[in-house]
Amino acid sequence: MAILKVAQIGHPILRQQARLVTRDELRTPAFQAFIDSMIDTMHDAAGAGLAANQVHEPVQVCVMEVKDNPRYPYKPNIPLTVLVNPVLTPLSETKFENFEGCLSVPDMRGIVRRFVEIRVQAWDRLGEPIDAVIRGITAGTYQHECDHLAGSLFIDRVEDPRTLCTWKEFSRQHEARFREHVKEIVEHYGS
Ligand code: ZN
């Protein structure tokens, strides 16, 4: 296991479409060690999630976990989740406004509209199928990580660039109102 270097905006790896992983390569000790390193790197950086191309490997793997996260104190907890070759399908047209940040876009946040209910089909880290419905704020995290695997960053989806702000100004100017918004979504969708 190791702490991996996180690519920063401007590095072309972040703009690359990640390739599918085969079950055989997924089950190798080297690939399993890579997934462990992704988890370590996410924990080390206090990220809510991490996609493989953020650590310079263009393969379709992302990891997520939220456990009283200091970067996102209002986010509902997400158990440690590894998605391999994920496909997300929106279950309705309804979207919510999410104030997002990213380990690859330092000191920047902005408002992105995300589907509030999605179906995720993927493999877990052992290649066993995952088929689940994800709702609310957590659905936003899934969409953020899966966008990375398609070479997209949250800033591509910011519809109004005037919502872009530093983390300091987010906490000064926007966090209180956003927390109320998050509370309503969690009350309505359960996560
Ligand atoms: Zn990100």
(message) Please go through (1) without any contact (Cβ under 8 Å) to a residue 12 or more places away in the chain; (2) part of a strand (DSSP E or B) for residue 64 and return the number of the only condition it doesn't satisfy.
(response) (1)
(request) Scan the range 74-122 residue by residue and report those that are at pLDDT below 95, surrounded by 19 or more Cβ atoms within 10 Å (Cβ to Cβ) and not in a strand (DSSP E or B). (result) 75
(request) May I ask you to list pairs of residues, at least six apart or on different chains, whose Cβ atoms are under 9 Å apart, with the first in the range 124-150 being farther than 24 Å from residue 184 by Cβ and the second being aliphatic (A, V, I, L, M) and in a helix (DSSP H, G or I)? (result) 125/26; 125/35; 126/26; 127/26; 148/14; 148/52; 149/52
(message) Please verify whether residue 35 is more than 15 Å from residue 138 (Cβ to Cβ), crowded, with 17+ Cβ neighbours inside 10 Å and out of contact with any helix residue (DSSP H, G or I) (no Cβ under 9 Å at 6 or more places or on another chain), treating the condition exactly as stated.
(response) no
(message) Of everything in the range 89-142, what is touching a strand residue (DSSP E or B) at 6+ places or on another chain (Cβ under 7 Å), among the polar types (S, T, N, Q) and farther than 20 Å from residue 179 by Cα? Give them in sequence order.
(response) 89, 92, 121
(message) Return the residues of the range 58-77 that are over 19 Å from residue 37 (Cβ atoms) and under 11 Å from the mean Cα position of the chain (by Cα); say none if nothing qualifies.
(response) 66
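Based on this model, can you work out whether residue 173 counts as out of contact with any helix residue (DSSP H, G or I) (no Cβ under 9 Å at 6 or more places or on another chain) and assigned to a strand (DSSP E or B)?
So residue 173 fails the test.
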(message) I'd like the full set of residues that are touching an Asp or Glu at 6+ places or on another chain (Cβ under 7 Å), basic (Lys, Arg) and more than 12 Å from the ligand (Cβ to nearest atom), limited to the range 88-114.
(response) 113
(message) Taking the condition of being farther than 28 Å from residue 185 by Cβ and either part of a strand (DSSP E or B) or in contact with a helix residue (DSSP H, G or I) (Cβ under 6 Å, 6 or more places away or on another chain) (or both), how many residues in the range 42-52 meet it?
(response) 0
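The values are calculated or read from the model by the stated rules, or taken from the named source; none is laboratory data. A quick note: this is a predicted structure, and the numbers were derived from the prediction, not measured. Note that each Cβ is placed from the backbone with ideal geometry, even for glycine, and that neighbours are counted across all protein chains shown.
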